[in-house]
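The numbers here are math on the coordinates, done by the rules we state, and not lab data. These figures come from a predicted structure and were not determined experimentally. Reconstructed Cβ throughout: ideal geometry from the backbone, glycine too, with neighbour counts over all protein chains shown.
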Amino acid sequence: MSLLCLIHEGKMSSEINYILITDNRTRYLLAVEDILHVKAVRIYSVFYLRGQQRQYISSRNLGDICQELNPKMFLRVHKSHVINLQEIKSCKLARGGKITLSDDTIITVAQRRKAELIWHLKANKVQGTK
């Protein structure tokens, strides 16, 4: 993950992780903690951030994005979705399942990714997170 020497809301960058993306020839530093989910649309990745209506589109594929994100915080739950595990509001795990995020977005969970999701949910519960 990229750590940059910037000050963000009074914190030094060593405390905040960023991901650098290029959207329409403009570079953006997105605070990783603000990412709700990332969706693959063809060869692009669309970033959805907490508290923002704007979406950021990157030409990098979802596999590349996954390699930069913390696997304890983000999970690929479908071939076209990566979610922030700390933003899960509720989940229904029949068959593959569906997850509702904090912004009420509903994400489908692939059946083959269900076991890994359950493992992460149990691990996070033990540690006292959502």
Quiz item: Got a sec to turn the phi values of region 85-96 into Karplus ³J(HN,Hα) couplings, 6.51 cos²θ - 1.76 cosθ + 1.60 with θ = phi - 60°, whole Hz, x for Gly and Pro?
Solution: 4, 7, 9, 6, 8, 7, 8, 10, 10, 6, 6, x
Self-check item: FRET efficiency, residue 118 to residue 66 (Cβ-Cβ, R0 25 Å, nearest 0.05)
Solution: 0.85
Quiz item: Taking the Cβ of residue 44 as the center, what net charge do the other residues with Cβ under 12 Å away carry, scoring Lys and Arg +1 and Asp and Glu -1?
Solution: +1
Quiz item: Non-local amide H neighbours of residue 17 (under 5 Å, H modeled in plane, Pro and chain starts lacking H): which ones?
Solution: 32, 33
Quiz item: Working out 0.36 nm times the residue gap between residue 24 and residue 52, then minus their Cα-Cα distance, what length gain in nm do you get to one decimal?
Solution: 8.3 nm
